[in-house]
Amino acid sequence: QVRLVESGGGLVQPGGSLRLSCAASGNIFSVSVAGWYRQTPGNQRELVATLTSFGSTHYADSVKGRFTISGDNVKKTVYLQMNSLKPEDPAVYYCNDRNYRDNYWGQGTQVTVSS
């Protein structure tokens, strides 16, 4: 069983930065895709960024150039560096890890952008 635990959310002013972390425990499959998604009330969860085991990244258009996803295989942790945060970025951010067989989610961490 795999458990994902997010941290790093909080309140930040517009234009500010936050770094989210997602620590995995358990047996992570060697070939997988890690990702960050976000969800606001009444809306579907949407993709923010993904990182494959081979190092390939993909970003939603809305965060390109501002957010960076990265990973540390030794620590089994995935990060999301969020810069230049905008009023439209607040949401609950969820960590995800999926492979050919399993799909795991963290519990989410709240990001609030407000002056």
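The values are calculated or read from the model by the stated rules, or taken from the named source; none is laboratory data. The structure displayed is predicted, hence computed values, not measured ones. For neighbour counting, all protein chains shown are included, and Cβ atoms are generated from backbone atoms with ideal geometry for every residue, glycine included. Calculation scope for accessible area: heavy atoms of the full protein, side chains included, ligands and nucleic acids excluded. Shrake-Rupley method; radii C 1.70, N 1.55, O 1.52, S 1.80 Å.
Of everything in the range 82-104 that's closer than 15 Å to C22 by Cβ and either β-branched (V, I, T) or exposed (fewer than 15 other Cβ atoms within 10 Å of the Cβ) (or both), which residue is farthest from the chain's Cα centre (by Cα)?
Among them, the one singled out is N103.
Filtering the range 14-33 down to residues that are within 17 Å of N103 (Cβ to Cβ) and either part of a loop (DSSP other than H, G, I, E, B) or among the aromatic types (F, W, Y) (or both), which residue is least open to solvent (accessible area, probe 1.4 Å)?
Residues of the range 14-33 within 17 Å of N103 (Cβ to Cβ): 22, 24-33.
The next check asks that each one be either part of a loop (DSSP other than H, G, I, E, B) or among the aromatic types (F, W, Y) (or both); those that pass are 26-32.
On the way: G26: 32, N27: 138, I28: 54, F29: 80, S30: 94, V31: 74, S32: 16 Å².
Ranking the qualifying residues of the range 14-33, first place goes to S32.
Which of the residues spanning the range 34-47 are open to solvent by less than 60 Å² (accessible area, probe 1.4 Å) and over 13 Å from Y59 (Cα atoms)?
Q39, T40
Go through the range 62-77 residue by residue and tally those that are closer than 15 Å to A23 by Cβ and without any contact (Cβ under 8 Å) to a residue 24 or more places away in the chain.
Here the count works out to 4.
Which condition number does E6 fail, the rest of (1) over 17 Å from V111 (Cβ atoms); (2) touching a strand residue (DSSP E or B) at 6+ places or on another chain (Cβ under 9 Å) being met?
(1)
Six or more apart or on different chains, Cβ atoms under 8 Å: show the pairs whose first residue is in the range 1-28 and over 16 Å from P90 (Cβ atoms) and touching a residue at least 60 places away in the same chain (Cβ under 8 Å) and whose second is of a type in the set (K, R) and open to solvent by 50 Å² or more (accessible area, probe 1.4 Å).
From the range 1-28, the pairs are A24/R3; A24/K76; I28/K76.
From L4, L11, which residue is touching a Gly at 6+ places or on another chain (Cβ under 8 Å) and either outside any loop (DSSP other than H, G, I, E, B) or under 28 Å from S115 (Cβ atoms) (or both)? Outline the logic, then answer.
Working: L11 fails: touching a Gly at 6+ places or on another chain (Cβ under 8 Å).
Answer to the selection: L4.
Output the residues belonging to the range 40-97 that are among the β-branched types (V, I, T) and not in a loop (DSSP other than H, G, I, E, B). Please lay out each step first, then the result.
Residues of the range 40-97 that are among the β-branched types (V, I, T), as a first pass: 40, 48, 50, 52, 57, 63, 68-69, 74, 77-78, 92.
The answer is V48, T50, T52, T57, T68, I69, T77, V78, V92.
Evaluate the following for V111: is it open to solvent by 20 Å² or more (accessible area, probe 1.4 Å) and either of a type in the set (S, T, Y) or part of a strand (DSSP E or B) (or both)? Outline the logic, then answer.
On the way: open to solvent by 20 Å² or more (accessible area, probe 1.4 Å): no; either of a type in the set (S, T, Y) or part of a strand (DSSP E or B) (or both): yes.
Judged against the criteria, V111 is not a match.
Filter the range 51-63 down to the residues that are more than 20 Å from E88 (Cβ to Cβ) and β-branched (V, I, T), then identify the one that is most open to solvent (accessible area, probe 1.4 Å). Talk me through it step by step, then tell me what you get.
Filtering the range 51-63 down to residues more than 20 Å from E88 (Cβ to Cβ) leaves 51-57.
So of that shortlist, the ones also β-branched (V, I, T) come out as 52, 57.
Details: T52: 41, T57: 71 Å².
Filtering the range 51-63 for residues that are more than 20 Å from E88 (Cβ to Cβ) and β-branched (V, I, T), the one most open to solvent (accessible area, probe 1.4 Å) comes out as T57.
Report the residue count in the range 64-76 for those that are open to solvent by less than 50 Å² (accessible area, probe 1.4 Å) and within 23 Å of L11 (Cβ to Cβ).
Matching residues across the range 64-76 total 3.
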